[in-house]
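The values are calculated or read from the model by the stated rules, or taken from the named source; none is laboratory data. These figures come from a predicted structure and were not determined experimentally. Neighbour counts run over all protein chains shown; Cβ positions are idealised from the backbone, glycine included.
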Protein chains: 2
Amino acid sequence: MLLEMSSLVESAIYRSITAVVQKDENLAHDVLRNEGRINQIEIEVDEFAISLLALQQPMAADLRFIVSAIKINNDLERMGDLAVNIANRAISLLNEPIVKPMVDIPHIAALVQGMVRKALDSFVNRDAELARSVLAGDDAVDDLRNASFHELLSFMEQDPANIRQSVDLLSVVRNLERIADHATNIAEDVLFLVKGIDVRHHAETREGSRPVDASR
Amino acid sequence: MLLEMSSLVESAIYRSITAVVQKDENLAHDVLRNEGRINQIEIEVDEFAISLLALQQPMAADLRFIVSAIKINNDLERMGDLAVNIANRAISLLNEPIVKPMVDIPHIAALVQGMVRKALDSFVNRDAELARSVLAGDDAVDDLRNASFHELLSFMEQDPANIRQSVDLLSVVRNLERIADHATNIAEDVLFLVKGIDVRHHAETREGSRPVDASR
């Protein structure tokens, strides 16, 4: 069920970004239409996890696996919500001209989609190395986000006519960054699951504390 | 432990907003300083929940309570992160003049803080009626958010000098809205806990689907 959910979420992210970049209204509506299925699976996964806990009384590794599944389930559903946000921005941006600051968005999106894929693969394969590589990717997303924010602010200041579009694009970047945060959460849960260590709120491969959600 | 965590989170939200509105740098730094304690409790709650599941093999109502606690724990920690985001915006806004669009922010903040308090009280007292009133509050937050967004967009278009401050204020509003979303999630978990019904992704007292995170 989590694999089905993650493939739906990955597809939603991909379609929402493509809808922004290629101004494709159909793809944006696909994302809105598929949200219900993601929400449905979230409930089913939780119910199934609770019934496993109740009926099987799992111990040790199985117990950690089920608790991780509940958390990852929640992260996946939130990612689906964020893809919906991006799809809504795509619809709002349909009639706006293509502008230079949009060039960053496919770069950030590719980075974030890579993090999501690695986080999910690391869960499926219980691969600690791969999970750790997701944590490292978060800094690169932050750098690109900051560059993109500065560019969009300047673009707004150049001409008030750019403001509405820029606010939408800021939102797309912010939602991508939050998707990356959820991928990081999943990777942290995988490390907890595989190695029994809790890397949340600790620097492991990166400096500083756990990334907070998009700070702007 | 969850009560300690929720009082820390409520305090963080209150201080971060007061820091924005009263331009109080010390309060903003208090929020940044207390984040570590919130993160610490989050880990402790999860570990305790897992040890309860492993050692006590709880059934039925106790099992649902523990699973709810794991989810609410996660929501509280995210609320703490969002208060940190607001505190960072407060610091960025310190040297900006007080502007008219800021008038909305204390209104939205008061509404959101009320939702957070009710959601936590409904959990402590297992009060389904109170939980339901939180779901109803979400629409009012959305309305205020939309009004505030429109005002801030116009304010930016009036004068490019207003843009940077307005982007920070948009961020404060968006983070408040996301805090309200987490309060809604907690209320949904309480209804699930108390009545055994799953209201996620269903309209109960309100129309439309589950609120997605801030859509811009």
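Descriptive notes on the structure:
- Selection from the stretch B:137-171 of residues that are farther than 18 Å from residue B:103 by Cα, away from chain A (no Cβ under 14 Å) and exposed (fewer than 15 other Cβ atoms within 10 Å of the Cβ): B:139
- Whether a residue is at negative phi, within 9 Å of chain B (Cβ to nearest Cβ), without any contact (Cβ under 8 Å) to a residue 40 or more places away in the chain and crowded, with 16+ Cβ neighbours inside 10 Å was assessed, and residue A:67 passes this test.
- Just one residue in the set A:45, A:99 is touching a residue at least 60 places away in the same chain (Cβ under 8 Å) and either away from every other protein chain (no Cβ under 11 Å) or touching a strand residue (DSSP E or B) at 6+ places or on another chain (Cβ under 7 Å) (or both); that residue is A:99.
- When the residues of the stretch B:170-204 are filtered to those that are not hydrophobic (A, V, I, L, M, F, W, C) and not in a helix (DSSP H, G or I), the one that is modelled with the highest pLDDT is B:196.
- Subset of the stretch B:114-125 (residues that are closer than 13 Å to residue B:140 by Cα and either crowded, with 23+ Cβ neighbours inside 10 Å or touching a residue at least 24 places away in the same chain (Cβ under 8 Å) (or both)): B:115
- Some residue of the stretch B:5-18 being in contact with a Phe, Trp or Tyr (Cβ under 9 Å, 6 or more places away or on another chain) and buried (at least 18 other Cβ atoms within 10 Å of the Cβ): yes
- Long-range neighbours under 6 Å by Cβ, at least six apart or interchain, first residue of a type in the set (Lys, Arg) within the stretch A:74-92, second part of a helix (DSSP H, G or I): A:78/A:182; A:89/A:168; A:89/A:171; A:89/A:172
- Restricting B:93, B:82, B:76, B:55 to those that are more than 9 Å from chain A (Cβ to nearest Cβ), under 16 Å from the mean Cα position of the chain (by Cα) and either buried (at least 17 other Cβ atoms within 10 Å of the Cβ) or at negative phi (or both) reduces the list to B:76.
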